[in-house]
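For reference, the structure discussed in these notes is given below.
The numbers here are math on the coordinates, done by the rules we state, and not lab data. Owing to the predicted nature of the structure, the values given are computational and were not obtained by experimental measurement. Please note: Cβ atoms are built from the backbone with ideal geometry, for glycine as well, and neighbour counts cover all protein chains shown.
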Amino acid sequence: MGGAELELPLSGITVVALEQAVAAPFATRQLADLGARVIKVERPGHGDFARDYDRSVKGLSAYFVWVNRGKESVVLDLKDGSDRSLLDRILAGADVFVQNLGPGAAARLGLAADGLRARHPRLITCDVSGYGPDGPYRDQKVYDLLVQCEAGLVSITGSPDSPARPGISIADIAGGMYTYTGILTALYERERTGEGSALSVSLFDALAEWMGHPYFTQAYGGSPVSRSGARHPSISPYGHYRCGDGARVFLSVQNDREWVNLCELVLRNPGLVRDPRFADNPLRHAHDEELTAVMEECFASHTADGVLALLDGAGIAHARLRTVAEFADHPQLAARERWRDFGSPAGPLRGLLPPVEVAGREAAMGAVPALGEHTEAIRAEFGTS
């Protein structure tokens, strides 16, 4: 390939990130994967506190490794005049500034969006917060699970007997994704106007957007969404079903055509199609326990592999319940060569390519930086006042 083909979409873009934990770092890591230079500003001592969440990855934090690949780490004491001046010089040549410090912290450091934009009109600023810049919750200190609780997500997650936290940091991920796409939009707008813009993303607003289906169900359906474990709260059959060997298969029927195929080709019981209990999806969901009993009685004479083969033949969507270890060895990831090695202070690590593929180019997949690894180089590059 020629040099032009290898250049990534955000080559030449500089991002300064005064970030910690997950949401903002997840956004800026994706910018780094697209070729942006991401300068991560960390506090003296321990740096980003996500570095100390765990020691799962050869002594490194799994959270930190996940969301900080491909960045430069510079340690600055922003209460020190010299270091604060150095940050100003870095910002003078930057395209994007992202911060997710605690409420009011950026303003106290002289890094409020309005002041930065006045000094640097082309700069795109993005403030990532828990609840946004105003309202009664603006000064709340928050973390992922707490936002999930306030947004109602935990109330609809888990079994009927007990609410549960989803297994990933979904509020942080939602906030990070809107930060990432907002910055891309602002960069595109700047190409037309020549002006930067000031963005604000709250984790609560991001997750609130993702709560659209349960909200509309509650507001207009007259009843709250119930906790349904690993079954769908409003579609049936959609969930897990026990087979004769004790294993469970997951399947989903989304329309009446698939329901007919399930009855005739998998369950071998065409009469179910006309059963008044199961005539449409709302009725099937209302009689989900009865339908589950009928299906599991049929599946009892098959192994899980046998049921999956029947579902394949009938065009019914299905899945195996895999562990994380089984996911890591997933044949689809292996066949599509999705795994890559990248560097870290602990040596080579293996991770997945980003989901968006750009024809003829591949994500940067840079190394995870050690704390302050690039401090001296950045001090030398940006000089003294």
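Model label points for Glu296 and Ser82, set 7 angstrom from Cα along the Cα-to-Cβ axis, are 7.0 nm apart. Placing dummy labels 7 Å off each Cα toward the beta-carbon, the span from Gln218 to Glu289 is 2.5 nm.
When the Cα gyration tensor is reduced to axis lengths a ≥ b ≥ c, the ratio a/c is 1.5 or higher for region 167-291, and with a/b above b/c it is classed as prolate. Solvent-free Debye calculation, one equal scatterer per alpha-carbon of region 55-126: log10 I(q)/I(0) at 0.14, 0.23, 0.26 Å⁻¹ equals -0.56, -1.12, -1.26.
Here the label points at Arg320 and Asp52, each 7 Å from Cα along the C-beta direction, are separated by 4.2 nm in the simple model. May I ask for log10 I(q)/I(0) of region 228-385 at q = 0.12, 0.16 Å⁻¹, from a Debye sum over the Cα atoms as equal point scatterers with solvent left out? After summing over all Cα pairs, the log10 values are -0.69, -0.93. The H on the amide N of Val38, modeled in the peptide plane, is under 5 Å from the matching H of Val15, Glu72, each at least 5 residues off or on a different chain. Residues of region 318-335 falling in the label zone of Leu353, defined by backbone nitrogen less than 18 Å from a point 7 Å along Cα to beta-carbon, are 328-335.
Placing unit charges on C-beta atoms (Lys and Arg positive, Asp and Glu negative, everything else neutral), compute the dipole magnitude of region 238-321 about its Cα centre in debye, rounded to 20. Walk me through the numbers on the way to the answer.
Values: 8 positive and 13 negative charges, 16 e Å.
In debye, rounded to 20, region 238-321 gives about 80.
Mean separation of Cα pairs under 8 Å and 6 or more residues apart, divided by the residue count, gives region 238-321 a relative contact order of 46 percent. The per residue volume of the convex hull around the alpha-carbon atoms of region 50-181 is 147 Å³. Annotation: amide H of Ala317 within the under-5 Å range of Ser252, sequence separation 5 or more or interchain, hydrogens built in the peptide plane.
Note the direction-averaged projected area, equal to a quarter of the hull surface, for the Cα convex hull of region 144-193, in nm². Walk me through the numbers on the way to the answer.
On the way: hull surface 16.4 nm².
Answer in nm², one decimal: 4.1.
Rounded if a/c is under 1.5, else prolate if a/b beats b/c, else oblate: with a ≥ b ≥ c from the C-alpha gyration tensor eigenvalues square-rooted, which is region 1-108? The shape class here is oblate. Using every pair of alpha-carbon atoms in region 238-321, split the distances into 10 Å bins beginning at 0 and state the percent of pairs per bin, rounded to integers. Final binned percentages: 19, 58, 22, 0. When you filter the trypsin sites (Lys or Arg not before Pro) in region 11-62 for DSSP loop state and at most 13 other Cβ atoms inside 10 Å of their Cβ, you are left with Arg55, Lys58.
Straight-distance candidates among the aspartates and glutamates for linking to Lys40, with alpha-carbon spacing under 12 Å and chain neighbours fewer than 8 residues away dropped: Glu19, Asp48, Glu72, Glu373. In this structure the amide hydrogen of Ser202, modeled in the peptide plane, comes within under 5 Å of the amide hydrogens of Ser129, none closer than 5 places in sequence on its chain. Can you figure out the FRET efficiency of Arg138 with Arg268, using R₀ = 56 Å and their beta-carbon distance, to the nearest 0.05? Approximately 0.40, to the nearest 0.05.
Calculate the FRET efficiency for Asp245 and Arg165 from the Cβ-Cβ distance with a Förster distance of 22 Å, rounded to the nearest 0.05. Before the final figure, lay out the partial values.
Values: r = 31 Å, r/R0 = 1.42.
So the FRET efficiency works out to roughly 0.10.
Counting every C-alpha pair in region 146-241, the share spaced more than 21 angstrom apart comes to 47%. Both radii are taken from the alpha-carbon atoms of the chain; with Rh as the Kirkwood radius, Rg/Rh is 1.05. Sequence-distant contacts, meaning Cα pairs under 8 Å at least 6 residues apart, place the relative contact order of the chain at 19 percent.
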